[in-house]
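Worksheet: one structure, shown below.
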Amino acid sequence: MIIQPLYQAAHFAPQVTRWLTEAFGGADYAGFYASIVQHSQQPGALPITFVASDQGQLCGTVGLWRCDLISRQDLWPWLAALYVDTPWRGQGLGESLQHHVMQYARKQGFSDLYLYSACKEYYERFGWRYIGDGLDTPDKPVHLYHQSL
């Protein structure tokens, strides 16, 4: 298994865009995710997208974004858009992708990391601390998490 920045495996960009669109918003968000993926192609900049692959097959993706929840722009940076393809679920890849982003963020000088999720308790298994609720657009309640790096 290899986890690397998307800009080092740019041929995966169309598939990452499809996954994020389907998993996190549907067709109305296709342009948004295409923009995120496009802007992830610049080394050293945020947003950055990481991809996990095994023998040339894309297995999962995760991002480090400046902002992932418009109602909480006071918190940053964010672990965002964690997605593991169905055949790879339940094998620890989600945890590996989280750790990869944490290590990268720490190396970039960040001391805190945030995320939000509609799922409660998944991220708590990996040491994330629940810090309250927030609102995603248009009015969807979500759970906020923090991780000290």
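The values are calculated or read from the model by the stated rules, or taken from the named source; none is laboratory data. If you're wondering where the values come from, they're calculated on a predicted model, not measured in any experiment. Don't worry about glycine lacking a Cβ; one is built from the backbone with ideal geometry, like all the others, and counts go over all protein chains shown. For the accessible areas, the whole protein counts, side chains as well, though only heavy atoms, and no ligand, DNA or RNA atoms are used. Shrake-Rupley method; radii C 1.70, N 1.55, O 1.52, S 1.80 Å.
The table below gives the values:
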{"read-out": "First in the range 67-83 and without any contact (Cβ under 8 Å) to a residue 60 or more places away in the chain, second anywhere and β-branched (Val, Ile, Thr) and open to solvent by 20 Å² or more (accessible area, probe 1.4 Å), Cβ under 9 Å, 6 or more apart", "value": "Ala80/Ile36"}
{"read-out": "Qualifying residue in the range 93-104 (condition: farther than 20 Å from Gly25 by Cβ, of a type in the set (D, E, K, R), within 14 Å of the chain's Cα centre (by Cα) and open to solvent by 70 Å² or more (accessible area, probe 1.4 Å))", "value": "yes"}
{"read-out": "Sole exception among (1) in contact with a strand residue (DSSP E or B) (Cβ under 7 Å, 6 or more places away or on another chain); (2) within 15 Å of Ile3 (Cβ to Cβ) for His99, by number", "value": "(1)"}
{"read-out": "Selection count where residues are polar (S, T, N, Q) and under 17 Å from Val101 (Cα atoms), scope the range 52-68", "value": "2"}
{"read-out": "Selected residue [in contact (Cβ under 8 Å) with a residue 12 or more places away in the chain, of a type outside the set (Gly, Ala, Ser), open to solvent by 40 Å² or more (accessible area, probe 1.4 Å) and assigned to a helix (DSSP H, G or I)] from Tyr7, Tyr29", "value": "Tyr7"}
